[in-house]
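Q: Please see the structure below; I have some questions.
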Amino acid sequence: RRTELTCPLRATSSPQPRHRNNVPFLMNQIVSRVHAESTEEFRRMGFNLQSARVLIVLLQQPGLYIGQLSEITTIDDSTLSHMISRLSRQGLLERKRSNDDTRFVSVHLTPEGTRIARGCKTASDRRECKMLSALSEEDVTALRDLLSRVFETVRSESWLGERVAAGKTTRRKSAAAS
């Protein structure tokens with residue numbers, strides 16, 4: 001039996017077509033434009049967007065395990081593993097096995113990786129400031145809070161009966177199908 005989802009959609013008197021008020025549509029438009037601009041800027045620095053994201057995360061949270069890094073960056077494990085190998089060969093990252101459990105490998109920036117990551121972070125911060133320039137400090141705080149709450153909902157296993165992890169979506173079996 002299907003249950004209807006309650007949805008906080010509000011009737012709008014806006015003359016805009018419905019898709020212009022649709023949150024996923026607007027989010028996709030924002031992400032697409034930011035992605036295009038970011039990709040070009042990071043390409044000039046010699047990196048793709050995913051690599052820059054990994055470097056920035058490791059600058060902010062040194063020594064993450066690969067699984068943690070995968071979850072934070074939403075890059076699947078296989079792609080991330082290849083990326084870490086490439087960035088290691090470039091002298092930007094190093095892997096360290098855990099002393100407690102050698103199955104776990106943490107990832108650390110090298111001094112050169114830290115320098116590059118700072119440049120990527122500066123570029124990212126500049127883009128974020130430009131993107132949010134029309135908002136007040138209170139608006140930005142509220143936006144971050146709202147987006148975090150939406151993300152937690154989307155990330156949860158119960159969202160539309162799907163499991164979303166590290167950029168992968170898989171359908172869970174329903175009780176009726178078992």
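Since every read-out is calculated from the coordinates, none of them should be taken as a lab result. None of the values given here were measured: they were computed from a predicted structure. No Cβ is skipped: glycine too gets one built from the backbone with ideal geometry, and neighbour counts run over all protein chains shown.
Q: Taking a spot 7 Å from the Cα of Arg144 along the direction of its beta carbon, which residues of the stretch 36-57 have an amide N less than 11 Å from it?
A: Answer for the stretch 36-57: none.
Q: I need the phi-derived Karplus couplings for the stretch 129-139: 6.51 cos²θ - 1.76 cosθ + 1.60, θ = phi - 60°, integer Hz, Gly and Pro marked x.
A: 3J(HN,Hα) across the stretch 129-139, in whole Hz: 4, 4, 5, 9, 4, 7, 9, 7, 4, 5, 4.
Q: For Leu64, enumerate residues with amide H under 5 Å from its amide H, sequence gap 5+ or separate chain, H modeled in the peptide plane.
A: Under 5 Å from the amide H of Leu64: Val107.
Q: Residue by residue through the stretch 54-61, what is 3J(HN,Hα) from phi via Karplus (6.51 cos²θ - 1.76 cosθ + 1.60, θ = phi - 60°)? Round to whole Hz and write x for glycine and proline.
A: Working through the residues one at a time gives 4, 4, 5, 4, 5, 5, 7, 9 Hz.
Q: How long is the gain from Thr79 to Asn99 if the chain were fully straight, where each residue apart is worth 0.36 nm and the alpha carbon distance is subtracted?
A: Working: separation 20, 0.36 × 20 = 7.20 nm, distance 2.55 nm.
The span from Thr79 to Asn99 would gain 4.6 nm if fully extended.
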